[in-house]
Structure formats: C-alpha cells, structure tokens
Amino acid sequence: MPAHAYPELKKYPHLKGNFGTAWQNQQKEFDNIPGAILFTTNCIMPVKDSYKDRVFTTAVVHYPECQYIDDKKDFTPVIAKALELGGYKEPQVIKGINGGETITVGFGHHTILSVADKVVDAVKSGALKHIFLVGGCDGAKPGRNYYTEFVKQTPKDTLVLTCACGKYRFNDLELGDIGGIPRLLDLGQCNDAYSGIKVAIELAKVFNCGVNDLPLSIVLSWYEQKAVCILLTLLYLGITNIKLGPSLPAFVSPTVLNYLVEKYKVAQTTTPEQDLAETLGK
Ligand code: SF4
C-alpha cells in the first residue's frame, strides 16, 4: 500500500511509494523481493517458496508456514527480516501497467469532502459535467482492458473516482485536473468503497437530491471477491444503473439476475465508447 497516504505512516518520511498492482500479479511481483511483506487484509495468493520466508500476516489474514503477528502487534520479526534483507541497493522505478511512473493517492472521503465546495462550484459552473466511480476487484481474464480504455476516454470535464484492485488498470494515467482537482481521485483499497458511497451521499445532500439523481455513474469491475459486498451494499442503498463487467455474477440464478436488471437496472458493460455515450446521453 502507498505508505505515505496514511497519516500515521506519513509521519515517517522514509515510508513512501506504492509497490505492486492487483492480486493476480502478486506472485510475480513478490518473487525474490528484498524486503519483508506484512499482510493486513485480503487478498493473499498462494505464497511461493521463493518469498515465503519474508511473508508475515496479522489481523484476519493467516497463511500456513508464514509467521503470524498476534494482537500484541509486536512487529519485531517483520522489522528484523526487513533489516536482514536490506532492500534494493539502488532506487527503483516501478511502473504502472500503462508505463506511468506516478500515481496520486490519498483521496479518502475526508479529503474529497474537504473540497466539496470546489466540486459543487465546478458542477454549477459546468466545468464538471459528470463523475464516474470506476473500481472493484481486478481479474486476469481478457476483457479487463475495458476499464483502462473507459477511463482514458472519459471527457476532460468529468472526474473519475476509483478504489480497489480495478484501479491498477488505469491509476498511472495522467488525466489532468479540473480547476486544481485531479481528474483521477484514488479513494484507496477495496475497503474504501465506503468512501465512494460517503462522497455520493454527501454530494446528494448538497444538491438536495437522491444519489441516483446525481450526475454520477458507477462502473464496477466484477470478480467474485469483495466486489460482491460492494455490489450488495450499493443495491441495499437503492443505487440503480450500475454497470458490471466484464462478466456478470456467476453465482446468481437467471431469476435473481433478471430481478437485478429489472429492479436496479444493473447492466453488463459493452464497449467503453457505447457505455460512455449512453451514460453521458450522447
Ligand atoms: S479489490 Fe478485490 S481482489 Fe483486490 S484486494 Fe480487494 S477483494 Fe481482493
């Protein structure tokens, strides 16, 4: 995780940077890494022998043969392993999947809502026409470049909020800004889907309307992991017109799927061009 995005970690200037991308690249990215890895939450991939000695888990995560840090939170073994391995000898440039070398992080709901007046002004002045929330779990099957292309093609007068592993498809793109607000706002990891919902609810309050009436579209990157919880939460809140892709949930029966389509207007993604045109009413 990007260590400098969290206030308690940001206190330490040598903790910075974001290592790695989504879960399906984990085994490759962690292979022979010269540092210790502490898992605090999902998703952990089967740990390969080449790096098993440097993986630690804590809280809800456990893995056979990897040392577990219990509730006393004594991280001495993790620190000792990190010191023993010594880190990279030279500074590393680790590029995103589009070749970008910079990612901008730290837009939890407190940060975004602290500039809510700017966002509202931008909507009222017409500088900001639409907000997309694009995120969810990532996966390895073909078709997920949809999300990269979708975000690349979003018009310059739109914002993209993102979170969870799906963001690694595009979080290294340079999308510019609208009046000083970056067009790509990274809310954080999958657990921070809460931030997206919070922002939407607060904006709806400001505009005195329902979330479904906001110029906001949700495009969920589907995988049968935490995206399931994110979708169920959004449905519970009555949010409609969610686009899901590249596949629809495999575990729901055709009857349930029809219900979701009819009652919540859940739709499968098509192409970035078609979905953008439809969303923006063009
Ligand atoms: S976004 Fe999904 S795939 Fe990524 S860590 Fe969260 S649950 Fe796992």
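The values are calculated or read from the model by the stated rules, or taken from the named source; none is laboratory data. A quick note: this is a predicted structure, and the numbers were derived from the prediction, not measured. In this analysis, Cβ positions are derived from the backbone assuming ideal geometry, glycine residues included, and neighbour counts consider all displayed protein chains.
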Next on the checklist: Just to be sure I understand the filter: pairs with C-beta atoms under 7 Å, separated by 6 or more residues or on different chains, first member in the stretch 137-154 and on the phi < 0 side of the Ramachandran plot and of a type in the set (Ser, Thr, Tyr), second member assigned to a loop (DSSP other than H, G, I, E, B) and within 16 Å of the ligand (Cβ to nearest atom). Which pairs pass?
Outcome noted: 146/246; 147/170; 148/170
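Criterion first (of a type outside the set (Asp, Glu), out of contact with any Asp or Glu (no Cβ under 8 Å at 6 or more places or on another chain) and in a loop (DSSP other than H, G, I, E, B)) does residue 139 satisfy it?
Details: of a type outside the set (Asp, Glu): yes; out of contact with any Asp or Glu (no Cβ under 8 Å at 6 or more places or on another chain): yes; in a loop (DSSP other than H, G, I, E, B): yes.
Yes: the conditions hold for residue 139.
Does residue 51 count as at pLDDT 95 or above, in contact with a strand residue (DSSP E or B) (Cβ under 9 Å, 6 or more places away or on another chain), within 20 Å of residue 137 (Cβ to Cβ) and away from the ligand (no atom under 14 Å from the Cβ)? Let's see the steps before the verdict.
On the way: at pLDDT 95 or above: yes; in contact with a strand residue (DSSP E or B) (Cβ under 9 Å, 6 or more places away or on another chain): yes; within 20 Å of residue 137 (Cβ to Cβ): no; away from the ligand (no atom under 14 Å from the Cβ): yes.
No, not satisfied.
Residues to consider are 162, 158; find the one that is within 16 Å of the ligand (Cβ to nearest atom), modelled with pLDDT of 95 or more and out of contact with any Ser or Thr (no Cβ under 9 Å at 6 or more places or on another chain). Outline the logic, then answer.
Numbers: 158 fails: within 16 Å of the ligand (Cβ to nearest atom).
Exactly one residue qualifies, and that residue is 162.
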Checklist outcome for this item: Checked 113, 161 against criteria (surrounded by fewer than 21 Cβ atoms within 10 Å (Cβ to Cβ) and touching a helix residue (DSSP H, G or I) at 6+ places or on another chain (Cβ under 8 Å)); the one match is 113
Item to check | Failed condition for residue 41, given (1) farther than 20 Å from residue 163 by Cβ; (2) part of a loop (DSSP other than H, G, I, E, B) | outcome: (1)
Next on the checklist: Please determine whether any residue of the stretch 1-9 is touching a residue at least 60 places away in the same chain (Cβ under 8 Å) and in a loop (DSSP other than H, G, I, E, B).
Outcome noted: yes
Item to check | Check on residue 262, without any contact (Cβ under 8 Å) to a residue 40 or more places away in the chain, out of contact with any Phe, Trp or Tyr (no Cβ under 9 Å at 6 or more places or on another chain) and acidic (Asp, Glu) | outcome: yes
Checklist entry - How many residues are of a type in the set (Ser, Thr, Tyr) and exposed (fewer than 15 other Cβ atoms within 10 Å of the Cβ) when one looks only at the stretch 1-29? => result 1
Next on the checklist: So if I check each of 73, 95, which one is touching a residue at least 12 places away in the same chain (Cβ under 8 Å), on the phi > 0 side of the Ramachandran plot and away from the ligand (no atom under 16 Å from the Cβ)?
Outcome noted: 73
Item to check | Number of the condition not met by residue 217 [criteria: (1) more than 16 Å from the ligand (Cβ to nearest atom); (2) out of contact with any helix residue (DSSP H, G or I) (no Cβ under 6 Å at 6 or more places or on another chain); (3) touching a residue at least 40 places away in the same chain (Cβ under 8 Å); (4) not in a helix (DSSP H, G or I)] | outcome: (2)
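Of everything in the stretch 63-87, what is part of a loop (DSSP other than H, G, I, E, B) and surrounded by 11 or more Cβ atoms within 10 Å (Cβ to Cβ)? Give them in sequence order. If you could, list the steps in order and put the result at the bottom.
Filtering the stretch 63-87 down to residues part of a loop (DSSP other than H, G, I, E, B) leaves 63-66, 70-75, 86-87.
Hits for the stretch 63-87 are 63, 66, 75, 87.
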Item to check | All positions within the stretch 116-147 that are within 16 Å of the ligand (Cβ to nearest atom) and surrounded by 14 or more Cβ atoms within 10 Å (Cβ to Cβ) | outcome: 133, 134, 135, 136, 137, 138, 139, 144, 147
